[in-house]
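S.K.: First the structure, then my questions, so here it is.
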Amino acid sequence: MPNYVLLKTPGLVIFSAKSSSNLDQMKIHSAFYIITLLLLLSFISPEKSYEKMVKKTRKEQEKSFVKREKKANPKGKFDYFHYFDIDQKYRVKAHVQRTPDSEPFKMPTSTSRMAEYKKFAVLTFVIDDKSLNLSVYQSMRLLDNPEYKNYLFLPFKDLTCGDETYGGGRFLEMNEAVVGDSLTLDFNVCYNPYCAYSDRYSCPIPPEENHLDVRIPAGVKGWNDH
């Protein structure tokens, strides 16, 4: 169940009842106020709660990168992160088609390193009346790591790449343990690979099958200084 936020309405005036007529009128006003408040709680609070969740996720992603960077550059300023407005249009339900028979393959990176992955599933969803597919991958290197054995990786490019967003694509993550026949794919929390900010990193390049022929103006934007 969603967590609701109590709305505090300033300027609410309560009048003393001087007659039964005034008392009845006050009860009607009070009932109307309560109904209106409940409607506001029902329709506004879930959206605000979602926005709060997205902002919290973005902050956690920022902290993860800045923590690494401070080790190499303790006095650096890390004003790297700029975002599109949160838009639930880019929070979509996706059908999951698992690919258990897929073979491991080498995924190119931003350096000479080749990362080994296996396709875990294909996600099918709709944006702007277009049926789209994205593949989700599992790192062969992390399968033996108890902390990351359920980690799934979704790199993608879209028509904003190289203009509004980083040219090397953006990433999403998910946990195998919560993947069923369908899942919620939320581009509002997609993030840049670390190599968008520094050449010291080696980042996977999204395979061609994960190049979307639509704009996804959601999540993190590009950073012009790199």
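S.K.: Just one of the numbered conditions (1) closer than 15 Å to D213 by Cα; (2) part of a loop (DSSP other than H, G, I, E, B) is not true of N145; which one?
M.R.: (1)
S.K.: Specify the residue that is surrounded by the most Cβ atoms within 10 Å (Cβ to Cβ); the eligible residues are those in segment 178-188 that are more than 18 Å from H211 (Cα to Cα) and in contact (Cβ under 8 Å) with a residue 24 or more places away in the chain.
M.R.: L183
S.K.: Here's another thing I want to ask about it. Can you spot a residue in segment 66-79 that is in contact with a Phe, Trp or Tyr (Cβ under 7 Å, 6 or more places away or on another chain) and either under 21 Å from D213 (Cα atoms) or part of a loop (DSSP other than H, G, I, E, B) (or both)? Give the steps one after another, and end with the answer.
M.R.: At the first step, the residues of segment 66-79 found to be in contact with a Phe, Trp or Tyr (Cβ under 7 Å, 6 or more places away or on another chain) are 66, 69.
Subset that is either under 21 Å from D213 (Cα atoms) or part of a loop (DSSP other than H, G, I, E, B) (or both): none.
Within segment 66-79, none of the residues are in contact with a Phe, Trp or Tyr (Cβ under 7 Å, 6 or more places away or on another chain) and either under 21 Å from D213 (Cα atoms) or part of a loop (DSSP other than H, G, I, E, B) (or both).
S.K.: Looking only at segment 169-205, how many residues end up being more than 20 Å from K63 (Cβ to Cβ), outside any helix (DSSP H, G or I), within 18 Å of the chain's Cα centre (by Cα) and of a type outside the set (A, V, I, L, M, F, W, C)?
M.R.: Residues that pass the stated criteria total 3.
S.K.: How do the pairs read when you match residues in segment 150-177 that are on the phi > 0 side of the Ramachandran plot with residues anywhere that are in a strand (DSSP E or B) and surrounded by 15 or more Cβ atoms within 10 Å (Cβ to Cβ), using Cβ under 9 Å and keeping only pairs 6 or more apart or on different chains?
M.R.: That search, which allows pairs on different chains as well, returns G169/P155; G169/F156; G169/K157; G169/C161; G169/P204.
S.K.: Suppose the filter is surrounded by 13 or more Cβ atoms within 10 Å (Cβ to Cβ), assigned by TED's automatic domain parsing to the domain that holds P108 and in contact with a helix residue (DSSP H, G or I) (Cβ under 6 Å, 6 or more places away or on another chain); does C203 pass it?
M.R.: Spelling it out, C203 is indeed surrounded by 13 or more Cβ atoms within 10 Å (Cβ to Cβ), assigned by TED's automatic domain parsing to the domain that holds P108 and in contact with a helix residue (DSSP H, G or I) (Cβ under 6 Å, 6 or more places away or on another chain).
S.K.: Can you find even one residue in segment 113-124 that is closer than 27 Å to K59 by Cα and either in the same structural domain as T57 (by TED's automatic domain parsing) or touching a residue at least 12 places away in the same chain (Cβ under 8 Å) (or both)?
M.R.: There is at least one residue in segment 113-124 that is closer than 27 Å to K59 by Cα and either in the same structural domain as T57 (by TED's automatic domain parsing) or touching a residue at least 12 places away in the same chain (Cβ under 8 Å) (or both).
S.K.: Determine whether segment 131-141 contains at least one residue that is surrounded by 17 or more Cβ atoms within 10 Å (Cβ to Cβ), within 23 Å of S198 (Cβ to Cβ), in the same structural domain as F171 (by TED's automatic domain parsing) and β-branched (V, I, T).
M.R.: No, every residue in segment 131-141 fails to be surrounded by 17 or more Cβ atoms within 10 Å (Cβ to Cβ), within 23 Å of S198 (Cβ to Cβ), in the same structural domain as F171 (by TED's automatic domain parsing) and β-branched (V, I, T).
S.K.: Looking only at residues that are surrounded by 14 or more Cβ atoms within 10 Å (Cβ to Cβ) and of a type in the set (A, V, I, L, M, F, W, C) in segment 96-116, which one is nearest to V179 (Cα to Cα)?
M.R.: Ranking the candidates gives V96 first.
S.K.: Could you tell me which of the residues K93, K119 is modelled with pLDDT of 95 or more, under 23 Å from the mean Cα position of the chain (by Cα), surrounded by 13 or more Cβ atoms within 10 Å (Cβ to Cβ) and not aromatic (F, W, Y)?
M.R.: The match here is K119.
The values are calculated or read from the model by the stated rules, or taken from the named source; none is laboratory data. Since the structure is predicted, the reported quantities are computational estimates derived from the model, not experimental observations. Neighbour counts run over all protein chains shown; Cβ positions are idealised from the backbone, glycine included.
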